[in-house]
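The values are calculated or read from the model by the stated rules, or taken from the named source; none is laboratory data. Nothing here was measured: the structure is a model prediction, and the numbers come from that model. Cβ atoms come from the backbone with ideal geometry, glycine included; neighbour counts cover every protein chain shown. Keep in mind that these areas ignore ligands, DNA and RNA; they rest on the heavy atoms of the full protein, side chains included. Shrake-Rupley method; radii C 1.70, N 1.55, O 1.52, S 1.80 Å.
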Amino acid sequence: MSVIKRVRDMTVATLNDRLENSEDPVRLIDQFLWSTHQEIVQCEQLQRQYAAHTEHLLRQWKDAVQWKNRREEQALTALKAGEEHVAKMALQDKVAFEEKAIRYEGLYEQSKGELAELEQLLQELRDEYRLVYDQRQFYLARMESLRLQQRLNARFGPGAAEGPANMFRKLNDRLTDIELETKSLRDLRRMGQETSYHEGTAAQNAIDRELEQLKRKLQQGG
């Protein structure tokens, strides 16, 4: 029994250290809970067997004591009746039952002590299970908090999606760029049209000058 308890103490003592270095503490805790549950089931079975055995030893001890007392009374009755031989036989049985009672009393006390130790260990296992289960719930809540914090950081942290103000500012900047590009194209077209007009006017003026020169030649008898 003490060996089992030393193993249990060692397992519980190293659990917290393993949790600190574990990437998945809930899985580690679940493994520990499963192992502890199996030990509880086994200890409960053993506890029932010990309890039945201890009860059996107690009955044997009490029966031996009763037979010892009965044989003593029979021996006394035989002596009163003058039957010394019968009294000796009864006393012989009394001694045998007394020895038997002593042996069963020793076995009973030993089994009773082991049963008490087993029941104490079983209670410790149950307490450990509840304690570690509560710790599991804490780790689950802690991991959920971290998960929600990560989602919060991804939504509103640096590099997260732009808010409405930023979105409309970018949209306005884009529209302004488009407007500027449109105005630039319109100005370029107007400049092209004015250039064409000026070029056409210059050509017309040259033609008119040529025409005037020809008219003057005709007048001069050209």
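Here are the numbers:
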item	result
Protein accessible area in region 87-134, 1.4 Å probe - carbon and sulfur %	53 percent
Average accessible area per residue (Å²) across region 42-96 - probe 1.4 Å, nucleic acids and ligands excluded	72 Å²
Tyr133 versus Gln110: modelled label distance in nm, points set 7 Å from Cα along the beta carbon direction	3.7 nm
Two-site FRET efficiency, Phe156 against Arg27, from Cβ-Cβ distance with R₀ of 30 Å, rounded to 0.05	0.45
Cα-based Kirkwood hydrodynamic radius, region 21-147, one decimal, Å	18.9 Å
Burial ranking of peptide ranges 176-184, 68-76 (average Cβ count within 10 Å, highest at the top)	68-76, 176-184
Calculated FRET efficiency for the pair Ala52/Asp93, C-beta based, R₀ 35 Å, to 0.05	0.75
Computed label-point distance, nm, for sites Asn69 and Lys183 using a 7 Å Cα→Cβ extension	12.0 nm
Equivalent ellipsoid semi-axes, region 92-141, via Cα gyration tensor eigenvalues times 5, rooted, Å	48, 5, 4
FRET efficiency, Ser145 to Leu15 (Cβ-Cβ, R0 25 Å, nearest 0.05)	0.70
